[in-house]
Amino acid sequence: MKAAIVVFPGTNRERDMAIALRSVTGQAPAMVWHRDTALPEGLDLVVLPGGFSYGDYLRCGAMAAHAPIMAAIREFAAKGGHILGVCNGFQILTEAQLLPGALLRNAALRFLSQDCFLRVERNDTPFTRHWAKGDVYRTPMAHGDGNYIAEAETIRMLEDTGRVAFRYVAENGRLDAGDPQLNPNGSMNAIAGVFSENLRICGMMPHPEDLVDPLMGGEDGKPLFTGLVEALVG
Amino acid sequence: MSAKLPRTVDEALAREFGLTAEEYGNVLSIMGRTPTFTELGIFSVMWSEHCSYKSSRAYLKTLPTTAPWVIHGPGENAGVVDIGNGLAAIFKMESHNHPSFIEPYQGAATGVGGILRDVFTMGARPVANLNALRFGNPNNPQTRRIVDGVVRGVGGYGNCVGVPTVGGEINFHPAYDGNPLVNAMTVGVARQDRIFLSAAAGVGNPVIYVGSKTGRDGIHGATMSSSEFDEDALAKRPTVQVGDPFVEKLLIEACLELMATDAIVAIQDMGAAGLTSSAVEMAGKGGVGIDLDLDHVPQRERGMTAYEMMLSESQERMLIVLRPDRTEQARAIFDKWELDFAVIGHLTDTGNIVIRHKGEVEAEIPLAPLADQAPVYRRPTAPAQKPQPMEPIIDPVGVEQALIRLIGCPDLASRAWVYNQYDSTVGGQTVRRPGAADAAIVKVEDTEIGLALTTDCTPRYCRANARLGGAQAVAEAWRNITATGARPLAVTDNLNFGSPEKPEVMGQFVDAIAGMGEACRALDFPVVSGNVSLYNETRAPDGTSQSILPTPAIGGLGVLENVRQAVGLGMPDGLDVMLLGETKGQLGQSIWLREILGAQDGEPPELDLAAERRNGDFVRGLILDGTIAACHDVADGGVLVAVTEMVMAGQAGCVLEAPQSGMRPEAFWFGEDQSRYIVAVRDGQALATLAAQAGVPCRRLGRSGGEGLTLPSGSTISKARLLAVHSEFFPRLMDR
């Protein structure tokens, strides 16, 4: 799988993502600089990693959505390319309107760095095929602005068309969007990740790339990456 | 010389700038004339307590600073030790106490930023942050504001720069009411053949300014940090610097990119006293002169004077001496990262620092006497007040009730509310997160090496007996590293004390250093970097001033050749739970005494450094050979609190047996005897045999299993109840 990681000034989880990708592909992903205007040839996957692009002093991801590289990313998306956006990467994808909705300040107005449990809402996508539908997996989260929101109509559309990728739940899979223990940032419908209409773009707030090695506490995040490899290179 | 002096320079002005009459006299004799306003400013910050260490230097020299694995000890921006594979760990801890009272968010944030720069300026990529925080009485309304701001500030800066915050400690005590302590530690990793130092060299070489622009923030911050607070402390807000972690992140990446070339001759960050201290120290260490033209300094505000630019403490700035033929290569790197880059001067052979601005010479000072004739004081000392002897003890509550109160008290309650606001996983190398082991474990990327990191100090012991307290802080750091299986290598110290002009405070300082030195020598655990923060005093409205508890915070670093061998403190299922080290039941200065009887009496527990080393070496060996599955040192709250912490962090409960110790239950379970570890092993009897051979006291406590903690009385406290009590304090204090 040929993957590229896009680095904006202030991106800080590009190394974590590179480690995760390398662990499943055996090769280092290409690093693409925000001022570049083209992506490498023959890419299977573009990843927008976590961090604080341009300091996130405007809305999170708002500046990055207008970076020079974004034109090439839009083009990649338009041609049906696969894109994963994690944390700040998810925020950038919503600001770039490649994914619907927006990420507000966490409901408790504090940065949250803790493990959370995610429920896999469908497993017929390149991002989720190595889980079963309804599987619950543990993953670290680390963000100040992960409270997913969209207009009621958009939420309904996402739900009706199966575009919710992951939800925050209890370890046993129980869903209660009103419980701050289970839905820590207050996201609507406890949505932790969403898909694009063609299911080829996925944005999510938590960090599966930080849980791909038993030494770091587990491999719960690894199926996302092994699944992508299988889906994209067979 | 400039004719536009803002004010007449005289002794009165010198005094306002924090210099004594005698120090001003020395300035006059060095200069052979009345200094300019800017020159006086430079002298005053370079000779401030904060920059000159004038009250502490004579004593700091007594600390051991060498070992075969020490590459650079004190004197550089941070300490450097060999961690194997041709790699070095570079680390230091530094205080930002005064600013954090005045403006908690920015004070703490810029504390993190400053210590990060001390580490990456030497060529290391920062891999971990820790912080040691001391706050006032939780019931003091100010405390909540300060905790909130400090925690947000530490997180706001560290999370954005992408360096995981992996550990630290927090205490509460009324002595910190008007003077919290914010001690921030950064650890970085560099190749041993790519370590960058600050001594300038090469007459004619260009002097480069990179990073943020200079503004009027933080002017005289170093002087402010060298005096006591008065009732107008909060009016000093303009002296607090403002941080920009985004620029720091860019600065880290740009500097590391430049450091991969051979362009740099010397580099130093602009920390306390900003451009003044970096220019003076770099040129002074290199034995050269330096000529700066401030017209070229990137400026954020209009109309800044030479004095303001030289004393500004604007953040995220570095000073670099480059090889002359590499200037354009370096400029291209900083352009890429969109950071200011300016040639602001060059090195000379005059031995002077010359400051030019708008065509005039604003300052010209000989560097050698500025450094060599900096004041050194051996201030008078007096013995501190001894603690009250302990009254005979009557336990009013019993073991179970006492345990519940202890694990919920401010000093022992769960810190999860705090560390859950710090990104502890960014970088993907965090093997043990906060609370999972006695020291945080961070893997060195692309190797099997693990770093074990901790900060430690027990201020209440230090107040009762500063010498013992100083030794205990070092020993506890060594013990916490040992309890993970790592080999302790070296420490950084952050010495927080009251006013050195109070003889009893100075006495505490001298005693604490003596104790630290003893422990560092006995444990082969040298001091490689550090920072002193004095004048931590609060003046009450009635004019009296109260000193903080003596707080010599120790940041310890250890190494594991194979990080997979590290153990945590979580209780595993189905093992024998054993106590190693001697138990005498010493309750003096214990948390139990304070929380249950409301007393702060007695001598702190004894510390036998030979036993410390013997017990620790024994434990470490058995961790590395796989005998010990989990390990936790016995510290605040004693054996029962330690076992409970293992249960709360682990997969299994524990059934405790009656100790048959012949001592009162509260003494056995809550005494704070030192040099002890609780370990979980498959075969407790075999461990006891090995321990006997090694001369290490060993006794069985019980067996792990079940779901909660079962006391010798037969009573079981469920894990859910333990966790509920343990995690109540911070949310109740902060989220109400």
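Please treat every number below as a calculation from the coordinates, not as lab data. Worth saying up front: this structure is predicted, and the values here are computed from it rather than measured. For neighbour counting, all protein chains shown are included, and Cβ atoms are generated from backbone atoms with ideal geometry for every residue, glycine included.
Determine the gain in length on full extension of the stretch B:Glu16-B:Glu707; use 0.36 nm per residue of separation and subtract their C-alpha separation, reporting nm with one decimal.
Gain on extension, B:Glu16 to B:Glu707, equals 242.4 nm.
Helix B:466-482: angle to the longest alpha-carbon principal axis of chain B, degrees 0 to 90, nearest 10?
The angle comes out at about 70 degrees.
Using the 2.2 N^0.38 Å rule of thumb for compact globular proteins, work out how segment B:564-643 stacks up: its C-alpha Rg over that value, please.
Ratio of Rg to 2.2 N^0.38 Å for segment B:564-643: 1.28.
Could you work out, residue by residue across A:107-115, how many beta carbons of other chains sit within 10 Å of that residue's beta carbon, and then give the average as an integer?
Partner-chain Cβ atoms within 10 Å, mean over residues of A:107-115: 5.
Arrange the peptides A:119-127, A:38-46, B:449-457 so that the one whose residues have, on average, the most other Cβ atoms within 10 Å appears first.
Listed from highest to lowest mean packing, they are B:449-457, A:119-127, A:38-46.
Which FRET efficiency value, to the nearest 0.05, do you get for B:Gln385 and B:Gln651 by plugging their Cβ-Cβ distance into 1/(1 + (r/R0)^6) with R0 = 41 Å?
Approximately 0.30, to the nearest 0.05.
Within the protein assembly as shown, what percent of beta bridges assigned by DSSP are antiparallel, to the nearest 5?
Within the protein assembly as shown, antiparallel bridges account for around 75 percent of the total.
Which peptide among B:570-578, B:49-57 comes first, and what is the full order, when sorted by highest mean count of other Cβ atoms within 10 Å?
B:49-57, B:570-578
When you look at the Cβ of every residue in B:425-436, what mean number of other chain Cβ atoms sits within 10 Å?
The mean count of partner-chain Cβ atoms within 10 Å per residue comes to 6.
Can you tell me the length gained on complete extension of the stretch B:Leu690 to B:Asn139, counting 0.36 nm per residue apart and subtracting the Cα distance? Mind dumping the intermediate values first?
Working: separation 551, 0.36 × 551 = 198.36 nm, distance 4.85 nm.
Gain in length upon complete extension: 193.5 nm.
How many nm separate the modelled label positions at B:Lys336 and B:Val397, each set 7 Å beyond the Cα in the direction of the Cβ?
The modelled label-to-label distance comes out at 6.0 nm.
At what distance in nm do the modelled label points of B:Arg300 and B:Leu723 sit from each other, each positioned 7 Å from its Cα along Cα→Cβ?
4.4
Which whole-number percent gives the relative contact order of chain B, counting Cα pairs below 8 Å spaced six or more residues apart? Write out the running numbers ahead of the final one.
Working: 1906 pairs, mean separation 111.1, N = 736.
Relative CO of chain B lands at 15 percent.
For a quick size check, give me the Cα extents of segment B:623-736 along its three principal axes, largest first, whole Å.
Sorted largest first, the three principal extents are 54, 33, 27 Å.
For the protein assembly as shown, rounded, prolate or oblate, judged on the Cα gyration tensor with a ≥ b ≥ c (square roots of eigenvalues), a/c < 1.5 rounded, else prolate if a/b > b/c?
oblate
In the structure displayed, which of A:Lys2/A:Lys133; B:Lys54/B:Lys249; B:Lys61/B:Lys584; B:Lys92/B:Lys584; A:Lys2/B:Lys249; A:Lys2/B:Lys336 lie more than 32 Å apart, Cα to Cα?
B:Lys54/B:Lys249; B:Lys61/B:Lys584; B:Lys92/B:Lys584
Hey, rough spin-label estimate for B:Gln660 and A:Ala108, points 7 angstrom out along Cα→Cβ, what's it come to in nanometres?
4.6
What is the dipole size for chain A, taken about its Cα centre, with +1 at each Lys and Arg Cβ and -1 at each Asp and Glu Cβ, in debye to the nearest 20?
About 160 debye.
Which of rounded, prolate, oblate describes segment A:114-234, given a ≥ b ≥ c as roots of the alpha-carbon gyration tensor eigenvalues and a/c under 1.5 marking rounded, otherwise prolate only if a/b is larger than b/c?
The shape class here is oblate.
How far is helix B:141-161 tilted, in degrees, relative to the longest principal axis of the Cα atoms in chain B, given as a value from 0 to 90 rounded to the nearest 10?
For B:141-161 against chain B, the angle is about 70 degrees.
Let me have the 222 nm mean residue ellipticity of chain B computed from DSSP H runs of 4+ only, each contributing -39500 (n - 2.57), with the sum over all residues rounded to the nearest 500. Walk me through the numbers before you get to the answer.
Details: 26 runs with 256 residues, N = 736.
Taken over chain B, the calculation gives -10000 deg cm²/dmol.
Which value in deg cm²/dmol, rounded to the nearest 500, describes the helix-derived mean residue ellipticity at 222 nm for chain A, given -39,500 (n - 2.57) per DSSP H run of n ≥ 4 and division by the residue count?
Calculated from helices alone, the mean residue ellipticity at 222 nm is -6500 deg cm²/dmol.
Need one value for A:8-14: mean number of C-beta atoms belonging to other chains within 10 Å of its residues' C-beta atoms.
Average neighbour count from other chains, rounded to a whole number: 6.
Please say if segment B:1-84 is rounded, prolate or oblate, where rounded means a/c under 1.5 for a ≥ b ≥ c the square roots of the C-alpha gyration tensor eigenvalues, and otherwise the choice is prolate for a/b larger than b/c and oblate otherwise?
Prolate.
Taking Rh as the Kirkwood radius computed over C-alpha pairs, what is the Stokes-Einstein D of chain B at 20 °C in a medium of viscosity 1.002 mPa s, expressed in µm² per second?
Value of D from the Cα-based Kirkwood radius: 81 µm²/s.
As an exercise, use a Förster radius of 25 Å and the Cβ-Cβ distance of A:Glu153 and A:Asn198 to find the FRET efficiency, rounded to the nearest 0.05.
Once the sixth-power term is evaluated, E becomes 0.80.
Using alpha carbons only, what's the Rg to Rh ratio of chain A with Rh from Kirkwood?
Across chain A, the Cα-based Rg/Rh ratio is 0.93.
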